[in-house]
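Input: a single structure, listed below in structure tokens.
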Amino acid sequence: MLKWHVVLSKSDRKKIEMVLRSKQVPLEAKKRAQILIDIDEAGGRTPDGVSSVTKRRGVAPVTVTETRKKFAEGGIDAALFRKKRATPPTPPKVTGAVEAHIIACACSAVPEGFTRWSMQMIADKVVLNGIIDSISDETVRKVLKKRNFNRTV
């Protein structure tokens, strides 16, 4: 006995057909669309078993089960496409205020005995000023490059 049933409506079938025809849709979504067609119970049809679908589509049994579950719980979009992240995995360490301090430091007068700022000197100065806990010279380089800042003066 199946725990999650898949009964595709006409609009669901149209969406699946559009996904299968599209060239911009990832292969992963196309595989899931094919799986949904194979396990559809619409019109009193008995769905193909998991093992026959896995052999025909070349996917793992868990893929068929998860696709069935996602469709039953979240609908066609949840079954076909991955969920978008609400936030990045880690918040960015360098914010606009930190970038502004890096650029201000790079534009300021060079310390005594040097001809220009090095990336490490800028990083050390920003940390010493208490703007950020720690920052690498590579991050400083990326910030300056992003802003098209030229240190050759």
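Just wondering, is there one or more residues in segment 115-133 that are touching a residue at least 40 places away in the same chain (Cβ under 8 Å) and surrounded by 12 or more Cβ atoms within 10 Å (Cβ to Cβ)? For segment 115-133, residues touching a residue at least 40 places away in the same chain (Cβ under 8 Å) and surrounded by 12 or more Cβ atoms within 10 Å (Cβ to Cβ): absent. Looking across segment 96-106, the residues that are surrounded by 11 or more Cβ atoms within 10 Å (Cβ to Cβ) and free of Cβ contacts under 8 Å to residues at least 12 places away in the same chain come down to A100, A104.
Of K23, K69, K30, K14, all but one fail to be exposed (fewer than 11 other Cβ atoms within 10 Å of the Cβ) and not assigned by TED's automatic domain parsing to the domain that holds K125; the exception is K23.
For D12, work out the one condition from (1) in contact with a Gly (Cβ under 9 Å, 6 or more places away or on another chain); (2) without any contact (Cβ under 8 Å) to a residue 40 or more places away in the chain it doesn't fulfil. So the condition that D12 fails would be (2). Hey, among the residues in segment 76-134 that are over 27 Å from the mean Cα position of the chain (by Cα) and hydroxyl-bearing (S, T, Y), which one's nearest to K15 (Cα to Cα)? The residue in question is S118. Flag: K93 matches the condition of being touching a residue at least 40 places away in the same chain (Cβ under 8 Å) and surrounded by fewer than 17 Cβ atoms within 10 Å (Cβ to Cβ).
The values are calculated or read from the model by the stated rules, or taken from the named source; none is laboratory data. Quick caveat: nothing in here was measured; it's all calculated off a predicted structure. Ideal geometry is used to build each Cβ from the backbone, glycine not excepted, and the neighbour counts take in all protein chains shown.
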